[in-house]
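**Student:** Below is the structure I would like to discuss, written out as structure tokens.
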Amino acid sequence: MEDVRRHTYAYLVFSMVTSLIGTAFGISIVGESPYIAFPWLLTTIMPLITSVAGVFRVKRVSEPYGLGVVSIQHVWWVVSVGFAGVMFFPADFFVKIGGMMSITMAIISAIWLIWGFYLIYVVHEKTKAPVAP
Amino acid sequence: MASSKEHKYEWVDVMGDYSVVPVPDEALRTTTAIFFVFTGVLACIAALWGGAVLGLQYTFTEMLWVAIVGCLIQGVIGFLTSYMGAASRLSTYANMSWPYGRYGAFLWGLALAGITCGIGWFAVETWLFGIMMHDLMPNNLLMSVGVASIWGGLLMMTTAAIGIKGIAFLSYLTVPFWIILASISFSSGIMVGGGWEKVLSARPLSPAPFGIGVAQVVGLYIAGATITPDVTRFAKSRVGAGLAWFIQVMIVEVFFLLGAGCLVLATGGARITEALLAVGVGLGAYLLAVLGQWTTNDNNLYSGALNFTLISPISRRALVITLGLIGTAMAAYVGFVAGASFDPFIAFLTFLGSFVPAVAGTLIADFYVYRGLYKKMPVNERYVLKIGDKIPEINLTGWISTVIGGVLGTWVITTGIPSLNSMLISFIIYCILAIALDKAGIQLVIGRYEVTKYGLAPRWIIKKVEKT
């Protein structure tokens with residue numbers, strides 16, 4: 001089960017680092033447009049919190065099924081946020097203010113989404129935890 | 001006892017998805033899953049329209065307090081019913097078998113959840129979905145109110161037919177997505193409409209007293225607060241189940257109500273999806289409408305079908321499909337005939353918000369006061385299904401308290417909050433009646449149903465199963 005744990009860690013650490021970068025981007029545009037910064041920061045802070053919590057919870061679980069349940073739960077948060085990010089970061093409204101930062105966040109969101117879906121599938125297959133535990 | 005880990009699971013689930021038997025250990029779900037399913041129900045356009053109505057009646061500060069007080073009332077009611085469901089591991093209608101009797105549970109469930117929340121609410125939400133689609137693409141035939149109602153209703157039926165697994169899957173995918181998209185709609189709409197300063201200084205178009213707003217908020221989701229056991233019977237933790245409800249109401253619902261209300265204060269209208277289209281999040285606007293209605297309506301249908309499993313000769317899945325088709329046909333009919341009229345929705349919401357809480361009042365009184373404080377029964381023994389037990393077919397105590405509470409609260413008492421009046425009156429009447437009758441040694445019960453290994457399944461189903 002260590003491969004599942006490692007894979008989950010890798011995903012959550014990636015999401016943690018990228019959402020921290022995204023949060024920094026969001027803070028940098030607060031002065032220019034707080035109306036754009038608000039959903040932007042919501043999109044980056046949500047996966048940041050859930051990834052940090054996920055790393056600690058995954059560490060504590062020892063049996064495979066429990067590990068699968070905890071991993072899938074935390075990955076879903078990031079996947080769903082990634083789904084939203086793919087929808088709105090490339091929109092003109094955000095690109096006009098965010099520029100390359102917005103494009104970068106759209107790419108990061110796509111990675112959250114695709115990698116997350118794959119990880120849920122892998123964890124489900126290996127631990128037999130439900131896809132929506 | 002089914003809820004005890006040391007005992008073997010002794011039930012046979014003939015109706016599917018543990019509709020009429022206790023949920024076994026291996027099917028239980030985490031507090032997070034319960035939270036996601038609840039929030040999935042809340043995340044719908046109707047909730048935002050509820051907030052928009054507040055924006056027409058109150059200033060920002062008034063709206064904040066109205067939303068907090070209304071949601072707190074819903075939160076407390078839902079916490080109590082959620083906890084009850086997690087303790088019994090039975091659906092709302094199965095739980096209702098104790099205060100109302102088995103037929104009483106079906107009939108009351110049919111009136112208030114089977115038809116209202118089930119087919120009725122499903123049809124209304126499907127019709128609203130059609131309106132939303134039509135607003136987004138007015139010149140497309142597939143997006144006309146009637147046609148969109150048809151394909152939308154069929155879509156929403158799919159996850160309900162799969163059961164809790166399908167509903168939970170869709171909720172996990174949708175909830176954070178929906179919260180973010182809604183926040184974009186709020187913030188971009190407010191920005192376009194004149195900014196935060198305008199929201200804070202705006203005066204409402206049709207000012208209303210505080211109590212009216214609280215009643216509207218409570219009415220918006222009180223049916224959901226009443227039928228929480230349909231979801232929390234799958235919860236691993238009783239307190240977790242209650243908190244999952246309370247937190248989603250106090251944080252997510254307040255956010256939705258205030259966001260939509262602010263949008264109205266800034267722009268004068270609840271242009272939720274239009275705001276997304278205006279800022280170039282076109283696909284997001286469609287998905288906001290589709291997924292929002294879907295995660296709400298599959299629960300409506302699921303819950304409605306659960307009620308029918310108490311007497312129906314067909315499986316839960318077949319019931320979902322049958323009820324889904326009827327609801328879709330109703331939505332399409334209203335869509336083709338009434339177009340985009342908003343009146344039926346408002347009338348429906350008003351009635352629902354006033355009468356349904358009487359059922360919650362009776363259930364809470366029976367579980368917490370009569371069986372808890374008065375009979376001093378432990379929580380996990382209050383609503384426990386045991387093979388060989390005899391459950392009343394009709395228990396008039398629940399009927400009397402609910403009828404009086406509902407009628408007085410909805411039509412007679414004109415002060416206060418109607419939904420809360422109904423609930424409190426039925427709660428008080430049930431407590432007095434049940435305790436007084438028990439002390440006098442009187443039981444207002446007609447007939448008895450013996451619980452078998454098939455739980456509360458209808459007798460003809462049991463006969464059919466045993467023959468084969």
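The values are calculated or read from the model by the stated rules, or taken from the named source; none is laboratory data. None of the values given here were measured: they were computed from a predicted structure. Here the Cβ is made from the backbone with ideal geometry for all residues, glycine too, and neighbour counts use every protein chain on show. For accessibility, only protein heavy atoms count, side chains too; no ligands or nucleic acids. Shrake-Rupley method; radii C 1.70, N 1.55, O 1.52, S 1.80 Å.
**Student:** Here are B:222, B:184: which of them is in contact with a Pro (Cβ under 6 Å, 6 or more places away or on another chain), more than 14 Å from chain A (Cβ to nearest Cβ) and surrounded by 20 or more Cβ atoms within 10 Å (Cβ to Cβ)?
**Tutor:** B:222
**Student:** How many residues are under 29 Å from residue B:218 (Cβ atoms) and either polar (S, T, N, Q) or free of Cβ contacts under 8 Å to residues at least 40 places away in the same chain (or both) if we restrict to the range B:430-442?
**Tutor:** 2
**Student:** While we're here: Checking the conditions here, which among B:249, B:320, B:337, B:254 is open to solvent by 10 Å² or more (accessible area, probe 1.4 Å), of a type in the set (Val, Ile, Thr) and at pLDDT 85 or above?
**Tutor:** After applying the criteria, what remains is B:254.
**Student:** Quick test for you: out of B:437, B:424, B:444, B:456, pick the one residue that is under 28 Å from the mean Cα position of the chain (by Cα) and within 17 Å of residue B:402 (Cβ to Cβ).
**Tutor:** The match here is B:424.
**Student:** For the range B:195-205, check the following and say yes or no: at least one residue is within 14 Å of chain A (Cβ to nearest Cβ) and among the hydroxyl-bearing types (Ser, Thr, Tyr).
**Tutor:** Scanning the range B:195-205 turns up no residue that is within 14 Å of chain A (Cβ to nearest Cβ) and among the hydroxyl-bearing types (Ser, Thr, Tyr).
**Student:** While we're on this one: Mind counting the residues in the range A:21-50 that are within 12 Å of chain B (Cβ to nearest Cβ) and open to solvent by less than 50 Å² (accessible area, probe 1.4 Å)?
**Tutor:** 13
**Student:** Are there any pairs, at least 6 apart or on different chains, whose C-beta atoms fall under 8 Å, with the first in the range A:111-133 and within 20 Å of residue A:19 (Cβ to Cβ) and within 13 Å of another protein chain (Cβ to nearest Cβ) and the second open to solvent by less than 10 Å² (accessible area, probe 1.4 Å) and aromatic (Phe, Trp, Tyr), and if so, which?
**Tutor:** Correct list of pairs: A:116/A:11; A:116/A:76; A:120/A:76.
**Student:** Please specify each residue of the range B:270-314 satisfying the condition of being open to solvent by 10 Å² or more (accessible area, probe 1.4 Å) and among the acidic types (Asp, Glu).
**Tutor:** Within the range B:270-314, B:274 is the sole residue that qualifies.
**Student:** Also, quick follow-up: Quick one: which helices (runs of 4 or more DSSP H) lie wholly within the range B:347-457 and hold at least 2 residues that are farther than 19 Å from residue B:104 by Cβ?
**Tutor:** Hits in the range B:347-457: B:379-382, B:418-440.
**Student:** Given the residues B:269, B:219, B:282, which is the only one that is more than 25 Å from residue B:60 (Cα to Cα) and modelled with pLDDT under 85?
**Tutor:** B:282
**Student:** Right, next: Against the conditions (1) within 11 Å of the chain's Cα centre (by Cα); (2) open to solvent by 30 Å² or more (accessible area, probe 1.4 Å), where does residue B:206 fall short? Just the number, please.
**Tutor:** The single condition residue B:206 does not satisfy is (1).
**Student:** Further question on the same structure: Give me a count of the residues in the range A:62-103 that are of a type outside the set (Gly, Ala, Ser), closer than 15 Å to residue A:133 by Cβ and within 12 Å of chain B (Cβ to nearest Cβ).
**Tutor:** 10
**Student:** Could you identify the single residue in B:80, B:64, B:142, B:110 that is open to solvent by 10 Å² or more (accessible area, probe 1.4 Å), without any contact (Cβ under 8 Å) to a residue 24 or more places away in the chain, out of contact with any Pro (no Cβ under 6 Å at 6 or more places or on another chain) and not in a loop (DSSP other than H, G, I, E, B)?
**Tutor:** Result: B:142 is the single residue among B:80, B:64, B:142, B:110 that is open to solvent by 10 Å² or more (accessible area, probe 1.4 Å), without any contact (Cβ under 8 Å) to a residue 24 or more places away in the chain, out of contact with any Pro (no Cβ under 6 Å at 6 or more places or on another chain) and not in a loop (DSSP other than H, G, I, E, B).
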